[in-house]
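Trainee: Okay, here's the structure, questions in a sec.
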Amino acid sequence: MSSSPVSRSGRFGSGPAAEVAAFSESISFDWRLWRHDIRGSIAHATMLREIGILSAAELKAIKAGLDEIGREIESGTFAWKMELEDVHMNIEAELTRRVPAGARLHTARSRNDQVAVDIRLWLRDEIDTLAADVRGLQKALVGLGARHPEVIIPGYTHLQRAQPVWFAHHLLAYVEMLDRDLGRLLDARERANVCPLGSGAIAGSTLPLDRERVATLLGFVDAKGRPRVTQNSMDGVSDRDFLIEFAAASALLAVHLSRLAEDVILWVSTEFGFIRIADAYTTGSSLMPQKKNPDVAELTRGKTGRVVGNLMSLLTLLKGLPMTYNRDLQEDKERVFDTADTVRACVRLMGAMLDNTRAIPESCAAAAADPLLLATDLADYLVRKGMPFRQAHHVVGSVVALAEKWGKPLNQLTLAEYQGVDRTFEPDVMDVFDLKKAMQRRAITGAPGTAQVKAQLKRWQRLLAKA
Ligand code: ARG
């Protein structure tokens, strides 16, 4: 094992033992930061030129060298070396081998602020892509609802039939959740969008770096284009709170996806039979020929465990660390990479699955026809006739018990039977069980009323068309 030309020169008599090198390398996973590493280096070099540390020719050579390395990495011909430990040293060592001026690139920079800037750049890109995918999933949910404007299903509490809702209303609940997830992700992006370069290893630099210039070059700017740089060098190299925010927002997003997955799994079962998923988004059983399983939803539900676990790992990783940088921090990457990859795959696959899903109107209608779903409407009917709600609740409870006793649906009791329970019931009581009318009556903001749901679908279609 040869010693690294970058970090071990001078101080060390020998390179690390092979097993230490293998234990401590991160190139096997942090190579994916290469674009951001090169971008950061070019911005840093540009600034070094402007403050007189690099000549114009040196800057030009460094840029050309980094561009060339970038092209090789992209085409898969770049030779990553495990003994060079990580993405930063691999790129810098190779640059210096090709371009003598590469030896000046690390002026007033440490891998500690370098990795911090790389991962912030990476996170910004990752959140932007994920945000677009979340919008895609919202569109899929809205699309599924809009394709079935006539479908009503029972809404459930405690997984017991509760009250009828438009199918679209149920789906739009997830659109709302996803919107808050998106807000949290963008909020995390906002706090990650601050440039730590110039923090050095821990204590900045004695050289007159123009940190604001580097920040501007890397797009670490506020809404008005003003540069945003970290205000404390020790904080700049040692905290990963922005990654934890991302992991937390992603974990919550994953939990929402998992709940959606669970609904899909229930709905696709024979017992519910509310939806059908296209063959391409289901899998079969190796033994039971009749099976068509909702594996995309099940795996989404299952993968949520990893995403939640990653958040716990990151929190635990930080909790005992003394200031400032400690090598432990290298362990952040696999966790956030896994979170990003997993959540994105789940969002995309769930969206694609829903694009290939349809409701089964007959079974939804059969389930929604259960008159018990309108027991609360019956209580509201009594309230409209002047009865206090608590009393109405009690009266309807007795009606339900009576219906159960006679083995009759609620809407098939006679008026005499209703009036036998309470004289307040009048012939118009039967109107309560007209489902279409019942849906129209849910007319307040946020309710699953016919006009309301239509308006909400429109609102989301309009919003998402712009997104
Ligand atoms: N691979 C390291 C990480 O991910 C980069 C920083 C290394 N810094 C150091 N002083 N060894 O954290």
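Trainee: When D37, D181, D279, D338 are ordered from fewest to most other Cβ atoms inside 10 Å of their Cβ, what list results?
Mentor: Details: D37 28, D181 25, D279 10, D338 18.
Fewest-to-most Cβ neighbours within 10 Å comes out as D279, D338, D181, D37.
Trainee: What do the square roots of 5 times the Cα gyration tensor eigenvalues come to for the chain, in whole Å, largest first, as semi-axes of the equivalent ellipsoid? Walk me through the intermediate numbers first.
Mentor: Numbers: eigenvalues 752, 104, 72 Å².
Semi-axis lengths for the chain are 61, 23, 19 Å.
Trainee: Is any residue of region 182-198 close enough, with backbone N under 18 Å, to a label point placed 7 angstrom from the Cα of R259 along the Cα-Cβ axis, and if so, which?
Mentor: 182-185
Trainee: At what distance in nm do the modelled label points of A17 and L186 sit from each other, each positioned 7 Å from its Cα along Cα→Cβ?
Mentor: Once both label points are built, they end up 5.3 nm from each other.
Trainee: Can you list the residues, at least 5 places off or on another chain, whose amide H is less than 5 Å from the amide H of V221, using H built in the peptide plane?
Mentor: Residues meeting the criterion, in which the H sits 1.01 Å from N, are R228.
Trainee: Does region 1-137 come out rounded, prolate or oblate by the C-alpha gyration tensor, with a ≥ b ≥ c the root eigenvalues, rounded set by a/c under 1.5 and, if not, prolate when a/b is larger than b/c and oblate if not? The partial results should precede the final answer.
Mentor: On the way: a/c = 1.87, a/b = 1.17, b/c = 1.59.
Oblate is the answer for region 1-137, as a/c is 1.5 or above yet b/c matches or exceeds a/b.
Trainee: Could you calculate the contour length gain from L287 to E68, that is, 0.36 nm times the residue separation minus the distance between their Cα atoms, to one decimal place in nm? Numbers along the way, then the final one.
Mentor: Details: separation 219, 0.36 × 219 = 78.84 nm, distance 5.32 nm.
Roughly 73.5 nm would be gained on extension.
Trainee: Suppose each label sits 7 Å from its Cα in the direction of the beta carbon; what would the E298-D434 distance come out to in nanometres?
Mentor: The answer from the label model is 4.6 nm.
Trainee: Can you run phi through the Karplus equation (6.51, -1.76, 1.60; θ = phi - 60°) for region 94-100 and list ³J(HN,Hα) in whole Hz, with x for Gly and Pro?
Mentor: Those phi angles translate into 5, 4, 5, 5, 8, 10, x Hz.
Trainee: Find the percent of Cα-Cα distances in region 179-296 that exceed 26 Å, and round it to a whole number. The partial results should precede the final answer.
Mentor: Details: 3429 of 6903 pairs.
When all Cα pairs of region 179-296 are counted, 50 percent exceed 26 Å.
Trainee: Also: Computed on alpha carbon atoms, what radius of gyration and Dmax characterise region 233-373, expressed in Å?
Mentor: For region 233-373, the Cα-based Rg and Dmax read 20.4, 66 Å.
Trainee: Okay, next question. Tilt of helix 34-50 relative to the longest C-alpha principal axis of the chain, in degrees (0 to 90, nearest 10)?
Mentor: For 34-50 against the chain, the angle is about 50 degrees.
Trainee: Rounded to whole Hz and in sequence order, give me ³J(HN,Hα) for region 453-461 from the Karplus expression 6.51 cos²θ - 1.76 cosθ + 1.60, θ = phi - 60°, writing x for Gly and Pro.
Mentor: So the Karplus estimates, Gly and Pro as x, are 5, 4, 5, 5, 4, 4, 4, 5, 4 Hz.
Trainee: Between T376 and L415, how many nm apart are label points set 7 Å from Cα along the C-beta direction?
Mentor: 2.9 nm
Trainee: Considering region 83-226, what Rg and Dmax in Å follow from its alpha-carbon atoms?
Mentor: Cα only, region 83-226: 24.1, 74 Å (Rg, Dmax).
Trainee: Report the normalised scattering of region 365-467 as log10 I(q)/I(0) at q = 0.13 Å⁻¹, calculated by the Debye formula with identical scatterers on the alpha carbons.
Mentor: Here the Debye-derived log intensity ratios amount to -0.54.
Trainee: Looking at the chain, which longest stretch skips every one of the GluC sites (Glu not before Pro) that is in a DSSP loop with at most 15 other Cβ atoms within 10 Å, leaving the sites themselves out? Present the calculation step by step, with values, prior to reporting the outcome.
Mentor: Working: sites that count: E150, E271.
The reported range is 272-467.
Since every read-out is calculated from the coordinates, none of them should be taken as a lab result. Because the structure is a prediction, the values reported are computed rather than measured. Backbone-built Cβ (ideal geometry, glycine too); neighbour counts: all protein chains shown.
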